[in-house]
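> Dumping the structure here so I can ask a few things about it.
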Amino acid sequence: HGKIQYESYRKNFYVEVPELARMTQDDVNAYRLELEGIIVKGKGCPKPIKTWVQCGVSMKILSALKRHGYEKPTPIQAQAIPAVMSGRDLIGIAKTGSGKTIAFLLPMFRHIMDQRPLEESEGPISVIMTPTRELALQITKECKKFSKPLGLRVVCVYGGTGISEQIAELKRGAEIIVCTPGRMIDMLGANSGDRKVTNLVVFTHGSSSQVMRIVDNVRPDRQTVMFSATFPRAMEALARRILAKPIEVQVGGRSVVCSDVEQHVLVIGEDKKFLKLLEILGHYQEKGSVIIFVDKQEHADALLKDLMKASYPCMSLHGGIDQYDRDSIINDFKNGACRLMVATSVAARGLDVKQLILVVNYNCPNHYEDYVHRAGRTGRAGNKGFAYTFITEDQVRYAGDIIKALELSGSPVPPELEQLWASFKDQQKAEGKTIKSSSGFSGKGFKFDETEHALAN
Ligand code: ADP
């Protein structure tokens, strides 16, 4: 980087309005508590904003926000936007569906609009990295709501489809790239590329070695932000390497199932599951779209067949289906052409379908985060949703995490589930084993230095 003459650029655009300037530290603490208990770590974080106008976005953005029904900032947006707008690196942790996308998009547009217009085939200025193409597509869609009125170009770059088309699109020039890291690395050679990049967003746990390969190519004085639903240890190391003096903003201690989702867990025999599923479908299918989670591709295809035989038109979504078909399946599901889908967790990551009324875990999720993620496909944007989970006696080892998820989201724990777990624990104890939760969640935030470590504990 020492040999490259980078153009200078600005990244601090934030001007605190008088109404916020007047707030005392006590006012700020009370307001953060009101915003679902925001926790801020790191020095010099701006106060959370209350209205869109307070973050200093343009009229075009304000009217786009209004047009799309985004009345006021969500908690993560209220705190992360002024922090990123002031040019700081940031880690934002908030559950799925909490509005993280707009939290980085609005400062990003301000950042881009401050730079000179790109010449032909120049760019990008901002790179957004996501772990899956579904999430990349969803972020692209959200981004276009604003980039269009601003006259900015977004290209979505992901593996599995024609690379040449994506290269051609990049060559025409774009300010913003949303990508999965693998495909982005393949394409780095295609475009003189990263010289103009001043703004990086890393969204949830992508593979850190791939993320690093991209980050290492970007100028060191860039602005970098990371957003995630949880903050596992593996991400801490990455954060330490790519962020400079970051602010950490955490909403909610850990991701929990949203209170708009009514959760049911049934202890059930393997042979009874299919009939029970039909019964549940009979109850909800008229009311909206349904997604049924299984653990493996083979199980998705087998269940799909059984459902078709039972006269339920249905699709399946998993990693074994080629990209073209996956896109069209997701499309059909989103636009309601087909309203019943059997899927694996990975394939459905990031899927945002407003009319999704019901999630059925036909195979029990094997860790806390997966349960929360699956249940979080429903109950989005203030709509009511339902989640049913089947757990067999053989799967008792997962019961602890499910119980925790129910408790943390304030849902009642069914007595059969509690009993199942209690007898498992007794048995393990009798055998001299210790119970370890299968979840890898560490429950701790990113630490900046030892003093803060001490303060946080
Ligand atoms: P996350 O990335 O945290 O999972 P998203 O950014 O995908 O969440 O937002 C979830 C949903 O909420 C999306 O449908 C989005 O359009 C909507 N949304 C985001 N911000 C707001 C807001 N301020 N007001 C109303 N709806 C919002």
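> Note down all Cβ pairs under 7 Å where the first residue falls in the range 131-145 and is at pLDDT below 95 and of a type in the set (Val, Ile, Thr), the second is more than 9 Å from the ligand (Cβ to nearest atom) and part of a loop (DSSP other than H, G, I, E, B), and they're at least six residues apart or on different chains.
Cβ pairs passing all conditions: THR132/THR180; THR132/ARG349.
> What are the pairs, 6+ residues apart or on separate chains, where a residue within the range 226-244 that is over 21 Å from ASP216 (Cβ atoms) has its Cβ under 9 Å from a residue that is among the hydrophobic types (A, V, I, L, M, F, W, C) and assigned to a loop (DSSP other than H, G, I, E, B)?
That search, which allows pairs on different chains as well, returns ALA229/ALA94; THR230/PHE441; PHE231/PHE441; PHE231/PHE446; PRO232/PHE441.
> Oh, and also: Test LYS148 against the criterion of being among the basic types (Lys, Arg), surrounded by fewer than 21 Cβ atoms within 10 Å (Cβ to Cβ), within 15 Å of the ligand (Cβ to nearest atom) and part of a helix (DSSP H, G or I), and give yes or no.
The answer is no for LYS148.
> Next question, about the same structure. Counting only residues that are more than 12 Å from the ligand (Cβ to nearest atom) and over 20 Å from LYS354 (Cβ atoms), which one in the range 127-143 is farthest from the chain's Cα centre (by Cα)?
Per the stated criteria, the residue is VAL127.
> With the condition kept exactly as written, say whether any residue in the range 108-126 is within 18 Å of the chain's Cα centre (by Cα) and in a helix (DSSP H, G or I).
Yes, there is a match, as at least one residue in the range 108-126 is within 18 Å of the chain's Cα centre (by Cα) and in a helix (DSSP H, G or I).
> I want to confirm something. Restricting to the range 63-77 and keeping residues that are surrounded by 15 or more Cβ atoms within 10 Å (Cβ to Cβ) and not in a loop (DSSP other than H, G, I, E, B), which single residue is farthest from the ligand (Cβ to nearest atom)?
Looking at residues that are surrounded by 15 or more Cβ atoms within 10 Å (Cβ to Cβ) and not in a loop (DSSP other than H, G, I, E, B), I get ALA64.
> Another one. Being buried (at least 18 other Cβ atoms within 10 Å of the Cβ) and under 17 Å from LYS287 (Cα atoms) is the filter; apply it to the range 376-400 and report the residue that is nearest to the chain's Cα centre (by Cα).
Among residues in the range 376-400 that are buried (at least 18 other Cβ atoms within 10 Å of the Cβ) and under 17 Å from LYS287 (Cα atoms), the one nearest to the chain's Cα centre (by Cα) is ARG377.
> Give all pairs with beta carbons closer than 9 Å in which a residue from the range 175-199 that is crowded, with 24+ Cβ neighbours inside 10 Å and part of a strand (DSSP E or B) meets a residue that is of a type in the set (D, E, K, R) and at pLDDT 85 or above; count only pairs at least 6 apart in sequence or on separate chains.
ILE176/ARG153; ASN199/LYS11; ASN199/ARG222
> Any residue at all in the range 32-40 that is in a loop (DSSP other than H, G, I, E, B) and more than 13 Å from the ligand (Cβ to nearest atom)?
So far as the range 32-40 goes, yes, one or more of its residues are in a loop (DSSP other than H, G, I, E, B) and more than 13 Å from the ligand (Cβ to nearest atom).
> Residues that are within 11 Å of the ligand (Cβ to nearest atom) and over 22 Å from ILE112 (Cα atoms): does the range 80-94 have at least one?
yes
> Still on this model: From the residues in the range 95-122 that are more than 10 Å from the ligand (Cβ to nearest atom), surrounded by 19 or more Cβ atoms within 10 Å (Cβ to Cβ) and touching a residue at least 60 places away in the same chain (Cβ under 8 Å), which one is nearest to GLY37 (Cα to Cα)?
Across the range 95-122, the extreme among qualifying residues is PRO107.
> What are the pairs with Cβ atoms under 7 angstrom where one residue, in the range 272-300, is within 19 Å of LYS384 (Cβ to Cβ) and the other, located anywhere, is loosely packed, with under 13 Cβ neighbours inside 10 Å? Sequence gap at least six, or different chains.
From residues that are within 19 Å of LYS384 (Cβ to Cβ), the pairs are SER289/GLY336.
> Out of the residues in the range 78-94 meeting the condition of being modelled with pLDDT of 95 or more and part of a loop (DSSP other than H, G, I, E, B), tell me which one is surrounded by the most Cβ atoms within 10 Å (Cβ to Cβ).
If we take residues in the range 78-94 being modelled with pLDDT of 95 or more and part of a loop (DSSP other than H, G, I, E, B), then ARG88 is surrounded by the most Cβ atoms within 10 Å (Cβ to Cβ).
> For LYS296, work out the one condition from (1) farther than 25 Å from GLU407 by Cα; (2) surrounded by fewer than 16 Cβ atoms within 10 Å (Cβ to Cβ); (3) out of contact with any His (no Cβ under 9 Å at 6 or more places or on another chain) it doesn't fulfil.
(3)
The values are calculated or read from the model by the stated rules, or taken from the named source; none is laboratory data. Bear in mind that the values here come from a model prediction, so they are computed numbers and not experimental data. Backbone-built Cβ (ideal geometry, glycine too); neighbour counts: all protein chains shown.
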